[in-house]
Every structure is written in C-alpha cells, then in structure tokens.
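Step one of this worksheet: look at the structure below.
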Amino acid sequence: AKDAGMDDFIRKPFTQDDLSRILDTFRRESQDALDNAHRTSINADSAAESMLTELAEDTPVLDQNVYDSLKELAGTNHEQFVVTLRNGFVEQLEEKLSVMCDGSWTSNKPELSRVAHAIKSMSASIGALQIRQLAESIEKTPDEWNDEAIQNVVPQIRRLAGDFVAAFDAQLHQ
C-alpha cells in the first residue's frame, strides 16, 4: 500500500476525532509543502535579482576583444559583417527567450540548462558579456530557477540585449 502512495490509515471503526487528526496531519503537510515552494520561489527570485545586480556592477556589456576580433576577421568590409552577426544573434536570442517563456522548467531542469548553455555560447561568441554571465548562472544552477524566476529574468535578458546592441552599434560608428 505504501508503494501505491498510501502513507497513513484509519482503523475501523473510527471516530470523528480520529478523522480530524488525520486531516489535520495532511493539512499541515500540505501547508509545509506550500511554504517550502514559496521559499523556493523567493530564493530563485533572489538569485535572479542578485545575479542581475552583480552584472550591473562588475561586468561590461560588450567584450571589446571579441568585437575587435570579429572586425579583424571581416577585414575591410567589417561593418556589414558585424551588423549581420549582431542581427543573427538578436534573432537567435529571441528564439531562445521565447522557448524559456513557453517552458515549464520545474520538471525539466536539463532542458533549461541546455537552453541556457545555447544562450551562453552564442553570447560569448559575439561578446555579449552580461548575457553570457547570466545564462551561465542559469546553466550551472538550474535547480535554483523555478518557472516564475525564469519568467521574471527573461525581460531582464531582453533589456541586457538592448544594452548590448547599443554598445555594439556605438563601436560600429567609431
């Protein structure tokens, strides 16, 4: 019976007090589970907020070395090349963020880690340091990120992408 999920029982004949005792036990267990889920949500939101605060203070938006390498790789026609790369990055990032918004990550942490890894890799390739760092955090600690925290962090990643595009474009016009 325990294998089937039965974790308590009442012997017959039972009294109203017996039934009340069992129901109180299940209510307490349910409340404890809800409280734990709420604490997990708060911890995940705190992790996301903490990570975003660290990014704003310590991490440049654009890796200048990566940008310079891309320019050098393209040669004399670097402007068109880097704009094409930037646009491709923004499109692919939006696709990955849409996947993050549509997913249910509570039960699929390996997939969340895979999506975060893809964002991390493409961000590193184009020099989007803040996005790379945030994606790496999600990839390495998927258990700290619940669905609500992911929903909250996606707009922040979009904001970081806007900051990245602005910094990237500023380099183009120098």
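The values are calculated or read from the model by the stated rules, or taken from the named source; none is laboratory data. This structure is a prediction, so every number in the text was calculated from the model and none was measured. Positions of Cβ are backbone-derived with ideal geometry, glycine not excepted, and every protein chain shown enters the neighbour counts. Only protein heavy atoms, including side chains, enter the accessible area calculation; ligands, DNA and RNA are left aside. Shrake-Rupley method; radii C 1.70, N 1.55, O 1.52, S 1.80 Å.
Quick notes on this one:
- Condition check for S125: open to solvent by 30 Å² or more (accessible area, probe 1.4 Å), more than 18 Å from V66 (Cβ to Cβ) and over 10 Å from the mean Cα position of the chain (by Cα): no
- Among the residues of region 76-104, those identified as of a type in the set (S, T, Y) and at pLDDT 85 or above are T84, S98.
- Residues satisfying the stated conditions in region 116-134, i.e. closer than 15 Å to V154 by Cα and touching a Pro at 6+ places or on another chain (Cβ under 8 Å): A116, Q130
- Inter-residue pairs, beta-carbon under 6 Å, first part of a helix (DSSP H, G or I) and in region 103-122, second open to solvent by 30 Å² or more (accessible area, probe 1.4 Å) and aliphatic (A, V, I, L, M), 6+ apart: V115/V99
- Residue check: D68 meets all listed conditions (1) part of a helix (DSSP H, G or I); (2) modelled with pLDDT of 85 or more; (3) closer than 20 Å to I119 by Cα but one, namely (3).
- Selection within region 133-156 - surrounded by 23 or more Cβ atoms within 10 Å (Cβ to Cβ) and either among the hydroxyl-bearing types (S, T, Y) or in a helix (DSSP H, G or I) (or both): L134, A135, I138, I150, V153
- L73 vs. criteria touching a Phe, Trp or Tyr at 6+ places or on another chain (Cβ under 8 Å), over 24 Å from Q156 (Cα atoms) and modelled with pLDDT of 75 or more: yes
- Residue within region 146-157 that is at pLDDT 90 or above and closer than 18 Å to D63 by Cα present: yes
- Taking region 157-174 as the range and being of a type in the set (V, I, T) and either touching a Leu at 6+ places or on another chain (Cβ under 7 Å) or outside any helix (DSSP H, G or I) (or both) as the test, only I157 passes.
- Any hit, region 53-61, residues being closer than 30 Å to Q130 by Cα, at pLDDT 80 or above and open to solvent by 60 Å² or more (accessible area, probe 1.4 Å): yes
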